[in-house]
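Shown next, in structure tokens, is the structure this report addresses.
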Amino acid sequence: MNFNNDTAKQILIDIIRTVNQPENSKKLSEAKASAGKEMLLMMQHVFPLVMQLQTEVIKSYGFPGNREGLVQFSQLVRELEIQDVEIARLRSQIRAIYLPPIAINTTNDILI
């Protein structure tokens, strides 16, 4: 397979489209609702759904339809995102689906 920046972008866009399809979006919303803001529950409920959807998409591009295929795809994307801001943006968009925003305490309540 000829894997380059354009292919990576197309696959990432297809993953986002797949995630946003009504039936998938509904499943993810339900999983997120059951997980709340708990990272462990997000990883148990939401992460596997996103991985399953990603696996279905990358399979159609010639990657193995299993965990190894997903790892292979992720490594290739991570290498490309260093030089391509669009790939980095798309990847972070996908990560935002299963990684809840991190609450940073901005108050200055330092204990002395």
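The values are calculated or read from the model by the stated rules, or taken from the named source; none is laboratory data. Predicted model only: the values in this text are computed from it and were never measured. Here Cβ is always computed from backbone atoms with ideal geometry, including for glycine, and neighbour counts include all displayed protein chains. For the accessible areas, the whole protein counts, side chains as well, though only heavy atoms, and no ligand, DNA or RNA atoms are used. Shrake-Rupley method; radii C 1.70, N 1.55, O 1.52, S 1.80 Å.
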Quiz prompt | Calculated FRET value between Lys26 and Lys59, using beta carbons and R₀ = 35 Å, to 0.05 | solution = 0.95
Quiz item: By how many degrees, 0 to 90 and rounded to 10, does the Cα axis of helix 5-19 deviate from the longest principal axis of the chain?
Solution: 60
Quiz item: Once you put a point 7 Å from the Cα of Leu40 and another 7 Å from the Cα of Asn5, both along the Cβ direction, what distance in nm separates them?
Solution: 4.3
Quiz item: In what sequence, largest accessible area first, do Lys37, Lys9 appear using a 1.4 Å probe?
Solution: Lys37, Lys9
Self-check item: Mean ellipticity per residue at 222 nm, deg cm²/dmol - from DSSP H runs of n ≥ 4 across the chain, formula -39500 (n - 2.57)
Solution: -23500 deg cm²/dmol
Self-check item: Selected from Asn20, Leu99, Asn5, residue furthest toward positive end of dipole (the chain; charges at beta carbon)
Solution: Asn20
Quiz prompt | Whole-number percent relative contact order across the chain, with pairs defined as alpha carbons under 8 Å at least 6 apart | solution = 30
Self-check item: Surface accessible to a 1.4 Å probe, Val85 within the full protein complex, Å²
Solution: 130
Self-check item: Point-charge dipole on Cβ atoms (K/R +1, D/E -1) for region 5-98, about Cα centre, debye to 20
Solution: 260
Quiz item: Across bins of 10 angstrom width beginning at 0, how are the C-alpha pair distances of region 4-43 distributed, in whole percent?
Solution: 29, 33, 29, 9
Exercise. Hey, for a label at Arg78 modelled as a point 7 Å past Cα toward Cβ, could you say which residues of region 22-64 have their backbone N under 14 Å away?
Key: none
Quiz item: What is the extension gain from Ala33 to Gln52, computed as 0.36 nm multiplied by their sequence separation minus the C-alpha to C-alpha distance, in nm to one decimal?
Solution: 5.0 nm
Self-check item: For the chain, alpha-carbon Rg and Dmax in angstrom
Solution: 16.2, 59
